[in-house]
Amino acid sequence: MVRIGGRSLGSGGDACFDDGMEDEIRDRLIGSVGRLIARAGSSRPVPGEWTPGTVLGHIAEVDEQVWLVRLNLMVHAARKAEDPPRFQWWEPDPVETAVRYEGWEFEDCAQRVLEARVNLVWRLRELTAEDWHARAMHSTWGEVDVRGLLQHVFNHDDEHLASL
């Protein structure tokens, strides 16, 4: 069980993506970042590759600049009965990311990614049942709802977990 500010964020167990499973999805988001932090903490830097701390910084930036922004755009459009937003693949610049986290201590990177993920989870806690059905069109993935977007969060986490 992860606790931030006295609030329980769950255990990080496996999640099902059926309706009504939002709590399990949020728990899994925290568990996923916990696994990333643990693996990064036991990984050695590879010459020419991002440091483990930089990987965590990248995950934090993607949570803030990609997933949270897209989630908010999807929910806003759905609540206003507007057309779903359209997205293309985009991530923060990898060179700028490497430079930004170059001098950071690992513990600071771990704290940064945990805070970014907690912010995403808190935002998900604010969604109504109808909000979970908000949709977007992605140039690569096609149509996705909130659960589909979150599956890409997990995929992105798993990709970086495998790189550590």
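Just so it is clear, none of the values below were taken in a lab; they were calculated from the coordinates. As the structure is a computational prediction, the values presented were derived from the model and not from experiment. As a convention, Cβ positions derive from the backbone with ideal geometry for all residues, glycine included, and neighbour counts pool all protein chains shown.
Structure values in brief
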| item | result |
| --- | --- |
| Angle in degrees between helix 22-41 and the longest Cα principal axis of the chain, rounded to the nearest 10 | 10 |
| Packing rank of 152-158, 51-57, where each peptide gets the mean count of other beta carbons within 10 Å, highest leading | 51-57, 152-158 |
| Dipole of segment 98-144 [Lys/Arg +1, Asp/Glu -1 at C-beta], most positive-end residue of 137, 103, 120 | 137 |
| Counting DSSP beta bridges with both ends in the chain, the antiparallel % (nearest 5) | 80 |
| Ascending count of other beta-carbon atoms within 10 Å, so fewest first, for 87, 106 | 106, 87 |
| At most 15 other Cβ within 10 Å, DSSP loop - trypsin sites (Lys or Arg not before Pro), segment 14-105 | 80 |
| In segment 65-164, GluC sites (Glu not before Pro) in a DSSP loop with at most 15 other beta-carbon atoms within 10 Å | 82, 102, 105, 126, 130 |
